[in-house]
Amino acid sequence: MAAGSTGDKQRHMPSNIPVGPSEDPWTAEELAEVRQQLSDDVASFQRKYQQAQQELNELLTEGSEVTGRDPADVGSSNFERDQEMSLAANARQLFEQSELALKLFDQGDYGTCEVCGQPIGKARLQAFPRATMCVSCKQRRERRS
């Protein structure tokens, strides 16, 4: 069977993604939707990251000649560069989160909290497919940050 065929896709559809105590089990259609969303997110965030990197590289190249420039222009360039660096870092983080979630999905490890090992919850994963932690663990981590 050729790679990418229907049989190949079925092999990557885990059938035992854990759910919370009051949640219904995942249907094949729901799993297909989540996997498609993750796949779309990986492609989208990768494009955004590459675009942000390209824009940052252009800013760094343009901003290398500061001799004789007005200090306000230099300050503005520095602000713009810092903003592009932040956007690139955010895009990279979203790309990496999506890529990890897709990898976990394809390995059959999707839906389990990476901290406590409990189910992340179907509703949470449908709302935020990149989640790798349950709500409780995520809240604890954010409080420590």
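Checking the structure you have, find out if any residue of the stretch 57-74 is in a helix (DSSP H, G or I) and either touching an Asp or Glu at 6+ places or on another chain (Cβ under 7 Å) or closer than 29 Å to residue 29 by Cβ (or both). Checking the stretch 57-74: at least one residue is in a helix (DSSP H, G or I) and either touching an Asp or Glu at 6+ places or on another chain (Cβ under 7 Å) or closer than 29 Å to residue 29 by Cβ (or both).
Checking each residue in the stretch 36-65 for being more than 13 Å from the chain's Cα centre (by Cα) and either closer than 30 Å to residue 123 by Cα or modelled with pLDDT under 80 (or both) picks out 36, 59, 60, 61, 62, 63, 64, 65. For the condition closer than 14 Å to residue 125 by Cβ, at pLDDT below 75 and not in a helix (DSSP H, G or I), residue 18 does not qualify.
When you scan the stretch 107-126, do you find a residue that is closer than 30 Å to residue 56 by Cβ, touching a Ser or Thr at 6+ places or on another chain (Cβ under 9 Å) and small (Gly, Ala, Ser), even just one? Scanning the stretch 107-126 turns up no residue that is closer than 30 Å to residue 56 by Cβ, touching a Ser or Thr at 6+ places or on another chain (Cβ under 9 Å) and small (Gly, Ala, Ser).
The values are calculated or read from the model by the stated rules, or taken from the named source; none is laboratory data. This structure is a prediction, so every number in the text was calculated from the model and none was measured. No Cβ is skipped: glycine too gets one built from the backbone with ideal geometry, and neighbour counts run over all protein chains shown.
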